[in-house]
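Colleague: Quick one: this structure, given as C-alpha cells, is what I'll be asking you about.
The values are calculated or read from the model by the stated rules, or taken from the named source; none is laboratory data. All values derive from a computational prediction rather than experimental measurement. FYI the Cβ positions are ideal-geometry reconstructions off the backbone, even for glycines, and counts take in every protein chain you see. All accessible areas refer to the heavy atoms of the entire protein, side chains included, with ligands and DNA or RNA removed. Shrake-Rupley method; radii C 1.70, N 1.55, O 1.52, S 1.80 Å.
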Amino acid sequence: SADRPVRLIEGCFRLTRDTLWGAKAGEPIKLPDFHEWHLIRPIFGWRRLDGTRRFRRVSIWIPKKQGKSFLASEIGVYLTVADGEASAEVIVVAAARHQAGQVHDVARTLVRQSHSKKLRNRVEVIDSRKILSYRAPVGLPCIFHAMASDAETSEGRDASAVIFDELHVGSRKLFESLQYSGRARRQPLFISISTAGEHDP
C-alpha cells in the first residue's frame, strides 16, 4: 500500500541536515507534501490486478535545494528493506561516481541514525564499497549500492530498481544499458531524478 513507504520513512528516519522548510537535523522526517502525495504515494500505491506496481518508469525533475538526494535515498532504502523483492539489487548511478556516492552517503546515514534498532541491526553498511546489505528473512541479502558510471560494468545486471541521479548530465549509453536491467524481475522500477539543467536538451 502507499502507506508503507511513508510509514517507514517517517517512522524510522531522522533528518541528516537542516531543511529550507524549518526542520532541524536529528528530527524525525516529515515528508514534504509534494514528496509524499505527488511522488511516493503514486509510485508505490497504484497496483495492477496481479498486485504488482503499476508504474515501472518514473522521471522526477526537482528544483535545486528541494530534497532531491534525500528523496532518492529514502526511496532506495525502502526498495532495499521493505519492498518485498527477494534478493533485491538497488543501484544508484550518476554521471560521476562521487555524485552517486552522495545519495548513498545519505542512505547510509539514514540507516545508522534510524529510530529502528531492528533496521540498524539487519542492515550492514560497507563504507569502502558504498554498499548497504540487508539480511532478508528469505533469499540472498538485498543490496543497495552506488555504481561507477562506466557503462561496460553495467551490462548483465539483474537490478530490481535503478535510481539514475542527475539525468541531465548523464551518459545516454549508460542510461540505455541500465533501463532494461530489471527485465527478469517481477516488478522492476527505473527512476530518473534530476535538477533541471541545459547540458544536453
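Colleague: Among the numbered conditions (1) in contact with a Leu (Cβ under 6 Å, 6 or more places away or on another chain); (2) on the phi > 0 side of the Ramachandran plot, tell me where Gly84 comes up short.
Modeller: Only one criterion is unmet by Gly84, namely (1).
Colleague: Determine, yes or no, whether Val106 is part of a strand (DSSP E or B), modelled with pLDDT of 90 or more, within 23 Å of Ile60 (Cα to Cα) and open to solvent by less than 30 Å² (accessible area, probe 1.4 Å).
Modeller: Taking the combined requirement at face value, the residue does not satisfy it.
Colleague: Can you tell me which of (1) at pLDDT 85 or above; (2) within 19 Å of Ser73 (Cβ to Cβ); (3) in contact with a Ser or Thr (Cβ under 7 Å, 6 or more places away or on another chain); (4) of a type outside the set (A, V, I, L, M) is the one Gln187 doesn't meet?
Modeller: Single failed check for Gln187: (2).
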